[in-house]
1. Could you please report the charge total around A179, scoring K, R as +1 and D, E as -1 over all other residues with beta-carbon less than 13 angstrom from its beta-carbon?
2. Is there a pair in K79/K103; K28/K122; K28/K103 whose C-alpha atoms are over 20 Å apart, and which pairs would that be?
3. Please work out how much accessible surface F107 shows to a 1.4 Å probe, ignoring ligands, DNA and RNA, in Å² rounded to 10.
4. If we restrict to alpha carbons, what Rg and Dmax does the chain come to, in Å?
5. Could you do me a favour and compute the accessible area per residue for segment 49-175, 1.4 Å probe, result in Å²?
6. Counting just the Cα atoms, what span does segment 41-180 cover along each of its three principal axes? Round to the nearest Å and put the largest first.
7. If I take R0 = 30 Å and measure r between the Cβ atoms of R181 and D101 in this structure, what FRET efficiency does the formula 1/(1 + (r/R0)^6) give, to the nearest 0.05?
8. Give the Debye-formula value of log10 I(q)/I(0) at each listed q (0.18 Å⁻¹), with one equal scatterer per alpha carbon of segment 160-260, two decimals each.
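The values are calculated or read from the model by the stated rules, or taken from the named source; none is laboratory data. Keep in mind the model is a prediction, meaning the values are calculated, not measured. When we count neighbours, we look across all protein chains shown, and the Cβ atoms used for this are built from the backbone with ideal geometry, even at glycine. The protein model used for the area step is the full one, side chains on, heavy atoms only, and it has no ligands, DNA or RNA in it. Shrake-Rupley method; radii C 1.70, N 1.55, O 1.52, S 1.80 Å.
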Amino acid sequence: MQTEDEMTLEQALHELGVRDDTLTAMEKAQLDTEGYVLLPEILSADEVGGVRAALEEVYAMERTGQEGGPVESSYMQNKIAGLDMCLTNPRVLASIAHILDGKIKSFGIHGRPHPPGGEQQKLHVDYNGPAPEEKRYAVANSLWMLEDFTAQNGATRVVPGSQLWAQRPEDAMDEEERAQRHPDEILLRSSAGTVVVWNGHLWHGTTANRSNTIRHSLTSFYCRRDDPNMVFSSVLSEEATARLNPAARCLFTDVKPRTP
C-alpha cells in the first residue's frame, strides 16, 4: 500500500471512492449555480448516534459551550476517533472537490454547539482573502446535521447564488443589515444524517435557536490546497496519523511523524 508521501491527491480521492459519477449532473449544477447541495442520509441513525456520542465526549472534556469553557472545539480529528467518517465520505468529498477543482486540503473537523437562545449570525463567508476570479474558489465547507435542522432550532440560512457575486456581505451591507433576514435567503432544513456542502464564498449564517435544546452539528472544512491566504494549520496529531489510512492522511498537508 502506498504511503501518503507516495500517493498523489488524485489517487487518494480515487481510493476514497470519488469518481466522476459520484455526484449526479443535477447536484454538480446546483453547486455551480446555487452554491450548495443537500446530501440526505449520509449518516445512518446508528452513525448519527455514534458521532453524537464522540462529539459530546470531547465537549464534556473541554467544557465546550459551558460557562468558563470554549464556545467551540476545533481540530476534533486529533481528539477522538469516532469522527473519522466525517473526513472520508465519498459523496461529501466529491462535492468539495467539485467546488475546488480537485485541489483540496482538509482543515479538519470542528464543532460549535448552538444553545437555546443562541442568536442569529450575521451573513458571512468562510474566507478572508480576495473575491474569487473566474470561479476559482478558495474554500468549501460541509455541515453534518446531527439532529433535524428546523426553523425553531437555528437551521443555517444561505443566499443561493451569492458565491457568484464576487463580494462579501460586509462589502455590500452594513452590520445591522447583515444580521437581518435577506430577501433571497432560504433555510437549510433537513433530517439528522444529512450533510450540506456549500461553496465557502456563499453568503450564509446560523439562525436563532428558539427551541429548548442544543442544536448539534459538525463542520468538516476544506480549502484550495495551494491558497496563500489560508494560514491555519491542517496538522494531524501523531495519534490521528497512526489511525487514519494513507488516503485519508493525504487530505492533509501536515502530519506528525509516527513514533517507531
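1. -3
2. K79/K103; K28/K122
3. 10 Å²
4. Reported Rg and Dmax, both Å: 17.8, 58.
5. For segment 49-175, the per-residue accessible area is 43 Å².
6. Extents along the principal axes, in whole Å: 41, 36, 26.
7. The pair R181/D101 has a calculated efficiency of 0.35.
8. Evaluating at q = 0.18 Å⁻¹ gives log10 I(q)/I(0) of -1.09.
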